[in-house]
Structures are given as structure tokens and as C-alpha cells.
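Each remark here refers to the structure printed beneath this line.
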Amino acid sequence: MFAERVLSGMRPTGALHLGHYHGVLKNWIRLQNEFPCLFFVADWHALTTHYDDVQVIGANTHEMVIDWLASGVDPSQSTLFVQSRVPQHAELHLLLSMMAPLSWLERVPTYKDQQERLSEKDLTTYGFLGYPLLQAADILIYRAEHVPVGEDQVPHVEFTREVARRFNHLYGKEPGYEQKAQDAVKKLGSKRAKLYTELRVKYQEQGAADALEAGRALLAEAQNLSMGDRERLFGYLEGGGKIILVEPKALLTEASRMPGLDGQKMSKSYGNTIALREDPKSVEKKIRTMPTDPARVRRHDPGNPDKCPVWQLHQVYSDEATRAWARQGCTTAGIGCLECKQPVIDGVIREQAPMFERAQKYLDDPTLVKNILEDGCEKAGKLADETMRDVRAAMGLGET
Ligand code: TRP
Ligand code: SF4
């Protein structure tokens, strides 16, 4: 059995905020207990839009990785690395660029959107057009099955699937493919071979999805197949070539409802954030000065929590009893807004305490982060090499 890999990346934006924690990092932390996970800093992706502002990338990378660690991403469970230090990604990107249709890249929705949104920048560059292809290389080079991302990144994962399919179609049919596949079927043993063949016909002639599922399950359980035969049989089942690159699936992060200080989604561009490791004094000040229901001008004016951004933070940080207390107190003017805010302040500070604690040793000794990333880059490089050997050979670049 192959352990299904999880891979995700983040551009190096520097210190993260609580929106990142609730929207992305909690998810990573959960996944690292279930799958082998690879998490990386997408510093080349940062260059596609910030090629004119490169000084901050190193510092931002360091800060961001500390925040990952502070949140509980565990380097003994997950592989943490930096994209630019695993240059195999660039080689795969180049090779994929030979067969990726220009029209596929031009119609990825983020291409035009971002060019319009960042109109003060010239994004009519080769690198920016290639953004999704570089992302495809990031994913495919590890044969990752699951890619935890937000909604905005789904088109990139879909694009990656198309690239993998095209690649397998173009390069997965080695000479003597049919014969090699038939030989591999025999190695399943007569009973399994018969079942495999039936399922294959059923899928290919009738498009029966359950037959495909059953066929895959059969292969997953089959012992003593070589890696090459296994890939061949997965591909043969579907009617394509050998599966060299694996089609990944987006693992949709549940839309983060993490509200910012003004009730909009927490985001750096809205200036409504609380940093992951924000000083408690500053947390207190930010929340105390948050806007509330404008109807509560004076202490004895009753309010409506549904019109108040503080109430949204109660949804994240308060238990039911506290929420009932706040709602009751608000609508009857039984409590003041500062009173109402106190449990939220306490909740945020309580959540952050272990993060400060975990971050401290990395702040005291920066070589720890350096070593974690060095280890991670080395591990990632080895996995990337495995795929690149197959890719090179498939594209006619094997050793002669
Ligand atoms: N494009 C992603 C983002 O902006 C970052 C990223 C780069 C990524 N490569 C990836 C995410 C591979 C998942 C998998 O958030
Ligand atoms: Fe908002 Fe609480 Fe004030 Fe009501 S009492 S307006 S919910 S801060």
C-alpha cells in the first residue's frame, strides 16, 4: 500500500495572522496526524508577482516558518521545506512547459483576475503566466494525492489534473505497452487477473465508475507487484498509458469564517488582523477599540449582536453559556460593550499562549529553523528525484 501524500504551499508573506491559523494551519495540523505531509514556502511563486521587491523574501520565509511551528506544525511529522531549495521543481516546470498548451494557461481564472487586481504592476510576464504550471510541478513532483487549499486555488489543482492526464497520455505509452500490461495482469494471479480484466472491460465499455473503484482497490491490495507494473496496471485499467504523474485532488479547507476586527474576513489587505503572535497588550487594545453595534451609543441603549463584529468573534472564541450571556446582556443593555469584549480578549490570548511558548526556542536559536528546513529540503529532494527519474526517462531524456 502507498501512503497517500498531502502537499501544500504558502507564499512567504511574513508573520501570519489568526485568519491563517483558523483557515489553513489548523487543517495542516490535523492532516499531519493522518498522512505523510509536505509543506513548503513558495518563494518562487512570490517572485512571479513581486519580482521587483526581493529583499524581504528571506526574512519573510523565516518569520512564516516560525509561525507554522508556533501553531503546532510538527517537523518530526511533516516535511517542511523551501521551494527554491529543491530545484527539481524548476526542472519539472521546464519539462511540463514543453507540453502545456498556452490556451490552458491563459484561461486559468486567476491569470486575468490578478492582472486586473494588481494593475499597478506589470504582470504580462512569462513567469506570471506560468504560475499555475509551477504550482502543478510542485504538486506532481511528489505524486501528492491531496492538496489542502482554499476555494481560490481550486482552478490550479484542476489545471494540475489536466496536465498530469496529458502527460500520462503523451508519455505513458512506452514501446510494447500493451504486451507489458498483459504480462503484468498475469502477475496478479489467475483469480485476480480475471476480476481485473472484467472490471477493466466494464469500466471502459460502460463507463461504470464503481468498476473503476473496485479495480483500483484490487490493485491497491495486490502484493508483490513491482512499482512499474503497478503504475502500468493503474493506467491500463483506465485506458490511458502508465500513470507516471498522479492526479491530485483539492482538499477544500472549510471556508474560514474567521472574522477580522471590522467584521469583514480577516485579511492583511483590509488591515483588520490580529497577528498569530501579537503582543497581549496589543490584542487587548485592538479588541477594546473594535467597532460594535452603532445603535449602542450609550451604555443603556440595547444592541443587536447580529450587527456587531464582536459577536462574530464570540462565535469563534466563546462557549455557549458565554454567548447566551453576551446576547442577553446586549439586547437588554444589561452589560456594556467592554464587558462583552472581555471573554473574547481572554479567548484570543488563551489561544495564543501555547504559540508564544512553542515559538520561543526558535526565536532564541535561529539555527533550529535553519536545520529543520535543511532536513526538509533534503527529504523533499529525494522524493522529487524519484519522480524526476521516471519523468526524464518518459520524455526521452534517460541515460543512454
Ligand atoms: N498558489 C498558492 C497560494 O497562493 C501557493 C502554492 C504554490 C501552492 N504551490 C502550491 C499551494 C502547491 C498548494 C500546492 O496560496
Ligand atoms: Fe457587540 Fe457585545 Fe456591544 Fe452587543 S454588547 S454591541 S454584542 S460588543
| Restricting the search to the range 44-80, which residues are under 16 Å from residue 134 (Cα atoms) and either open to solvent by 30 Å² or more (accessible area, probe 1.4 Å) or not in a helix (DSSP H, G or I) (or both)? | 44, 47, 50, 51
| query | Hey, any hits in the range 5-13 for a residue that's surrounded by fewer than 22 Cβ atoms within 10 Å (Cβ to Cβ) and more than 12 Å from ligand 1 (Cβ to nearest atom)? | reply | no
| query | Just a yes or no: is a residue in the range 161-183 of a type in the set (A, V, I, L, M), outside the structural domain of residue 219 (by TED's automatic domain parsing), open to solvent by less than 60 Å² (accessible area, probe 1.4 Å) and in contact with a strand residue (DSSP E or B) (Cβ under 8 Å, 6 or more places away or on another chain)? | reply | no
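Given the criterion in contact with an Asp or Glu (Cβ under 7 Å, 6 or more places away or on another chain), within 14 Å of ligand 1 (Cβ to nearest atom) and open to solvent by 40 Å² or more (accessible area, probe 1.4 Å), identify the matching residue among 145, 151, 158.
Testing whether each residue is in contact with an Asp or Glu (Cβ under 7 Å, 6 or more places away or on another chain), within 14 Å of ligand 1 (Cβ to nearest atom) and open to solvent by 40 Å² or more (accessible area, probe 1.4 Å) leaves just 145.
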| request: Return yes or no: is residue 370 within 29 Å of residue 144 (Cα to Cα), touching a strand residue (DSSP E or B) at 6+ places or on another chain (Cβ under 6 Å) and of a type in the set (D, E, K, R)? | output: no
| residue 243 touching an Asp or Glu at 6+ places or on another chain (Cβ under 6 Å), buried (at least 20 other Cβ atoms within 10 Å of the Cβ) and not hydroxyl-bearing (Ser, Thr, Tyr) | yes
| said: Take the conditions within 30 Å of residue 171 (Cβ to Cβ), more than 16 Å from ligand 2 (Cβ to nearest atom) and surrounded by fewer than 22 Cβ atoms within 10 Å (Cβ to Cβ) and apply them to residue 34. Does it pass? | reply: no
| query | Restricting to the range 193-203, what's the tally of residues that are modelled with pLDDT under 95 and open to solvent by 80 Å² or more (accessible area, probe 1.4 Å)? | reply | 1
| said: I need every pair where a residue in the range 170-194 that is touching a residue at least 12 places away in the same chain (Cβ under 8 Å) and under 17 Å from residue 391 (Cα atoms) has its Cβ under 6 Å from the Cβ of a residue that is aliphatic (A, V, I, L, M) and part of a helix (DSSP H, G or I), sequence separation at least 6 or different chains. | reply: 171/394
| said: I'm told residue 277 meets every condition in (1) within 16 Å of ligand 1 (Cβ to nearest atom); (2) buried (at least 17 other Cβ atoms within 10 Å of the Cβ) except one. Can you identify the failing condition by its number? | reply: (1)
| said: Report every pair of residues separated by at least 6 positions or lying on different chains whose Cβ atoms are under 9 Å apart, first residue within the range 365-377 and over 20 Å from residue 87 (Cα atoms) and free of Cβ contacts under 8 Å to residues at least 12 places away in the same chain, second among the charged types (D, E, K, R) and open to solvent by 30 Å² or more (accessible area, probe 1.4 Å). | reply: 368/361
| Residues within the range 314-349 that are open to solvent by 50 Å² or more (accessible area, probe 1.4 Å) and either assigned by TED's automatic domain parsing to the domain that holds residue 22 or in a helix (DSSP H, G or I) (or both), tallied | 15
| remark: Among residues of the range 1-31 being more than 27 Å from residue 219 (Cβ to Cβ) and in a loop (DSSP other than H, G, I, E, B), the residue modelled with the lowest pLDDT is 14
| Can you name every residue in the range 23-56 that is β-branched (Val, Ile, Thr) and more than 24 Å from residue 140 (Cβ to Cβ)? | 29, 54, 56
| query | What are the pairs, 6+ residues apart or on separate chains, where a residue within the range 326-344 that is within 15 Å of residue 288 (Cβ to Cβ) has its Cβ under 7 Å from a residue that is open to solvent by 10 Å² or more (accessible area, probe 1.4 Å) and within 6 Å of ligand 2 (Cβ to nearest atom)? | reply | 337/292; 337/296; 340/330
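The values are calculated or read from the model by the stated rules, or taken from the named source; none is laboratory data. A quick note: this is a predicted structure, and the numbers were derived from the prediction, not measured. Cβ sites come from the backbone with ideal geometry, for glycine too, and all protein chains shown count toward neighbours. Side chains are part of the model used for accessible areas, which takes the heavy atoms of the whole protein and leaves out ligands, DNA and RNA. Shrake-Rupley method; radii C 1.70, N 1.55, O 1.52, S 1.80 Å.
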